[in-house]
Amino acid sequence: MTVVGTANPTVTGFTVRNYRFGVAANGTNGDWTLTETTVIAADVGVYTPNASGNWTIEDAAIARTTYSGVFARGTGGDWTIRDTRFVDVGGDGADVRKSSGDWTVSAVVVDRSGADGIDASGTSGDWRVQDTEVRQSDTGVKAIDSGGNWTVTDLTVQRSDTGLVTAFSSGAWTVSNATLDTRDIGVFAARTTGAWSVRNATIESSQQGIHAVKTNASWTLSDSTITVTAERNAIGVDARSASEGWSLTDVTIESSGIEVAE
């Protein structure tokens, strides 16, 4: 399904199989609603680089793609992806790098991606991620060099390398009720300049729970448990060269039988 130019489509109830793109809307201008649609065995499920309208994707499923499930780089509108599954995608679940609109990701599952669950690097809009699960990916959510504020609630990342990754970002981050079970690092947030609040989080990683080296804003960490499992050089919270204050309240940092550097 290909749309060009200015349009405000509503697409519902389709199953698209064995095409290059399930939906192609690159460079379009207009608001889209895509619901109850399944794309299987495509190069990209929804291909919308440089589109400028607002988008809603709801009750959709994208599986077995060669590259990303949703490819929305450089888009300018506000987006909502809700109640949608990405399964066995070759790239990111959603690749939205350098987009400028506000995003809401709610009740989304990314299961087995070849890269990240969501890559929002270089974005400037505000983000809300809630009730979302990423399994077997490189990173749950990546937002390197991003400028907007982030609210992350009830995020679960399992069997992935890293839970949250950002560096050189300037927005404030609020993370609550997160469960990050990762192979390397739970939260990687080096050289960020926005304030962080992490509340009621459970982080279990091999090397580091939180990596916040050279950050330049306040951090508040509360009601959380950090467990690291490496036999050597395990670090619960690495905040070396951080320039602003930290507050830890009711936080447990542990590693079974291993001394953990705090």
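The values are calculated or read from the model by the stated rules, or taken from the named source; none is laboratory data. This structure is a prediction, so every number in the text was calculated from the model and none was measured. Ideal geometry is used to build each Cβ from the backbone, glycine not excepted, and the neighbour counts take in all protein chains shown. These accessible areas exclude ligands, DNA and RNA; they are computed on the full protein's heavy atoms, side chains included. Shrake-Rupley method; radii C 1.70, N 1.55, O 1.52, S 1.80 Å.
Out of everything in the stretch 43-71 that is part of a loop (DSSP other than H, G, I, E, B) and under 14 Å from the mean Cα position of the chain (by Cα), what residue ends up being surrounded by the fewest Cβ atoms within 10 Å (Cβ to Cβ)?
Out of the qualifying residues, it is S68.
If you take the residues in the stretch 98-125 that are of a type in the set (D, E, K, R) and in contact with a strand residue (DSSP E or B) (Cβ under 6 Å, 6 or more places away or on another chain), which one is nearest to W32 (Cα to Cα)?
For the stretch 98-125, the residue satisfying everything is D119.
Pairs only if they're at least six apart or on different chains, beta carbon under 9 angstrom, first in the stretch 239-253 and under 22 Å from T227 (Cα atoms), second of a type in the set (D, E, K, R) and at pLDDT below 95; list them, first residue then second.
The qualifying pairs are L248/E262; I253/E262.
If we only count strands (runs of 3 or more DSSP E) wholly inside the stretch 155-262, which ones have 3 or more residues that are open to solvent by 20 Å² or more (accessible area, probe 1.4 Å) and of a type outside the set (A, V, I, L, M)?
Counting at least 3 such residues, we get 179-188, 219-228, 246-254.
Is there a residue in the stretch 2-17 that is closer than 15 Å to G90 by Cα, outside any strand (DSSP E or B) and open to solvent by less than 30 Å² (accessible area, probe 1.4 Å)?
no
Can you list residue pairs whose Cβ atoms sit under 8 Å apart, with the first residue in the stretch 126-146 being more than 21 Å from D78 (Cα to Cα) and in a loop (DSSP other than H, G, I, E, B) and the second being open to solvent by less than 10 Å² (accessible area, probe 1.4 Å) and of a type in the set (A, V, I, L, M, F, W, C)? Count only pairs 6 or more apart in sequence or on different chains.
If the second residue must be open to solvent by less than 10 Å² (accessible area, probe 1.4 Å) and of a type in the set (A, V, I, L, M, F, W, C), the pairs left are S137/V110; S137/V157.
If D145 passes every condition in (1) of a type outside the set (K, R); (2) crowded, with 19+ Cβ neighbours inside 10 Å; (3) under 21 Å from S218 (Cα atoms) but one, which one does it miss?
Condition not satisfied by D145: (2).
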